[in-house]
Amino acid sequence: MKIVKATYLISSPSFEQCPSLQAPEYAFIGRSNVGKSSIINALCKQNNLAKTSGTPGKTQLINHFEITSNNIVKGKQAKWYIVDLPGYGFAKVSQSSRRRWEQMIENYLRKRPNLNRVFVLIDSRHKPQKIDLEFIEQMYQWEIPYTLIFTKADKEKPGVVARNVQEMFDILKTKLPFLPEGFVTSAEKKSGVDEVVECISRYNKLFEEASKEE
């Protein structure tokens, strides 16, 4: 599968105001400044689709992007959606604003009917962080399907990245009954990006098959 077109659709201040869509959605979330926008841009081969910023907490809305890929569904090129969610963790905002974001994210993750999978982004330069582990455990408890994307692999020595990734999975082994799939990526070098696109392609097919059965 190849992405042939990607366009910004809408930014919503709450789950209730998100557009009603039938095609599958793939949400991207991670700690603030994990490189989420850069990965989305790399997947779509556009430099400025998702706005990047060096300021943690810059993304404050639920941002939808409409994606067209070259696989054919019902005689047409397939359409699906990428959703850029606000980061969790550190952000220079008030406690009330942070709580509002957390509630917005929880409502979206738990109530969005066409959410097909969540990509949880982890900064591969660092050893496993408590906040990431807690979020992954929360995803499991909420029974939300997710996949890990380790970012910024080009910013650290390969051996350090490999150890950090392995340590994350070693810890998750002790906390979860099964391990999630994971990809090591670099938005700058474009490494791992095609593998993420193919992962989405697999889940698009499963979504389509499930829709036929309903």
Please state, to two decimals, what the Cα-based radius of gyration of the range 137-214 comes to when divided by 2.2 N^0.38 Å (N = residues). 1.31
Low-density loop positions, chymotrypsin sites (Phe, Trp or Tyr not before Pro), the range 146-214 - DSSP coil, at most 10 other Cβ in 10 Å: PHE178
In the range 170-214, what trypsin sites (Lys or Arg not before Pro) fall in a loop by DSSP, with at most 14 other Cβ atoms inside 10 Å? LYS189, LYS190
Per residue Cα convex hull volume for the chain, in cubic angstrom? 119
Could you tell me the relative contact order of the chain? Use alpha-carbon pairs under 8 Å, at least six residues apart, and round to a whole percent. 23
So which GluC sites (Glu not before Pro) in the range 94-165 are both in a DSSP loop and have at most 13 other Cβ atoms within 10 Å of their Cβ? GLU143
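Each value in this text was obtained by applying a stated rule to the coordinates, not by laboratory testing. For clarity, every value in this text was computed on a predicted model and none was experimentally measured. Cβ: placed from backbone, ideal geometry, glycine included. Neighbour counts: every protein chain shown.
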